[in-house]
Amino acid sequence: MRTEKKFISAEYVARLNNSPFFIVVDYRGLSVGQFTELRKRLRAAGAEIHVVKNNLFRIAAKEAGVADLGGTLAGQLAVVTGKKDVASAAKAVKTYQSEFEKPKLQFGYLGSKLLTAEEIRVLADLPSLEVLQGKLLGVLQAPAQKLVALINTPGLQIARVIKAKSEQA
């Protein structure tokens, strides 16, 4: 392999190792302006998209220990990676796809699990990580709030009885 290709492959490996997920899309038919807009939306979601050379990406995925992609890479492909949650990146791609009917979702990986295009769409429909964390925190706090209310109830009842007695006298 030529030096330039080794450098590009090493860059792909670094991106895959630094991201817990990747999503492969076929960007055929997108103009430069549309692709730039998609990049902006993904950046806002904590992800980035890069056009890849299929053969070099296949080699890089194998080196990164992600998977043997075999013949699944065909066409003009770009790869979405990120350091945040996969749901926000998938949501950005799905929203963009609903507006412009491009890019076409191919497949993805979350950890070492293969995700189909349909599974990526399901992930896109999930609430963001912050919303899920807030809901979990609410669920965890609810029993503590009830416990505090139960503990305070006898004290409040005694205080009301004492207040009522003092007002009678």
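The values are calculated or read from the model by the stated rules, or taken from the named source; none is laboratory data. Everything numeric in this text was worked out from a predicted model, so none of it was measured. All Cβ positions, even for glycine, are placed from backbone atoms using ideal geometry, and neighbour counts span all protein chains on display.
Residues considered: Ile23, Ile8, Ile49. Of these, the only one that is β-branched (Val, Ile, Thr) and more than 23 Å from the chain's Cα centre (by Cα) is Ile8.
Yes/no matrix, rows are residues, columns are (1) in the same structural domain as Lys40 (by TED's automatic domain parsing); (2) in contact (Cβ under 8 Å) with a residue 12 or more places away in the chain:
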residue: Ala74; (1), (2): yes, yes
residue: Lys91; (1), (2): yes, yes
residue: Thr116; (1), (2): yes, no
residue: Leu132; (1), (2): no, no
residue: Arg160; (1), (2): no, no
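Is it the case, given these coordinates, that Val86 is closer than 22 Å to Val13 by Cα, loosely packed, with under 12 Cβ neighbours inside 10 Å and in contact (Cβ under 8 Å) with a residue 12 or more places away in the chain? Here the answer is no, as Val86 does not meet what is asked. Scan the stretch 19-30 and give yes if some residue there is free of Cβ contacts under 8 Å to residues at least 60 places away in the same chain, surrounded by 14 or more Cβ atoms within 10 Å (Cβ to Cβ), out of contact with any Phe, Trp or Tyr (no Cβ under 8 Å at 6 or more places or on another chain) and under 21 Å from Leu114 (Cβ atoms), otherwise no. No, there is no match, as no residue in the stretch 19-30 is free of Cβ contacts under 8 Å to residues at least 60 places away in the same chain, surrounded by 14 or more Cβ atoms within 10 Å (Cβ to Cβ), out of contact with any Phe, Trp or Tyr (no Cβ under 8 Å at 6 or more places or on another chain) and under 21 Å from Leu114 (Cβ atoms).
You will find that of Thr72, Thr36, the residue that is farther than 17 Å from Val122 by Cα, surrounded by fewer than 16 Cβ atoms within 10 Å (Cβ to Cβ), at pLDDT below 85 and hydroxyl-bearing (Ser, Thr, Tyr) is Thr72 and no other. Can we say Gln97 is in contact with a strand residue (DSSP E or B) (Cβ under 8 Å, 6 or more places away or on another chain), assigned to a helix (DSSP H, G or I) and under 24 Å from Asp125 (Cα atoms)? Considered against the rule, which asks whether it is in contact with a strand residue (DSSP E or B) (Cβ under 8 Å, 6 or more places away or on another chain), assigned to a helix (DSSP H, G or I) and under 24 Å from Asp125 (Cα atoms), Gln97 comes out as yes. The residues of the stretch 139-150 that are modelled with pLDDT of 75 or more and surrounded by 10 or more Cβ atoms within 10 Å (Cβ to Cβ), listed by number, are Gln141, Ala142.
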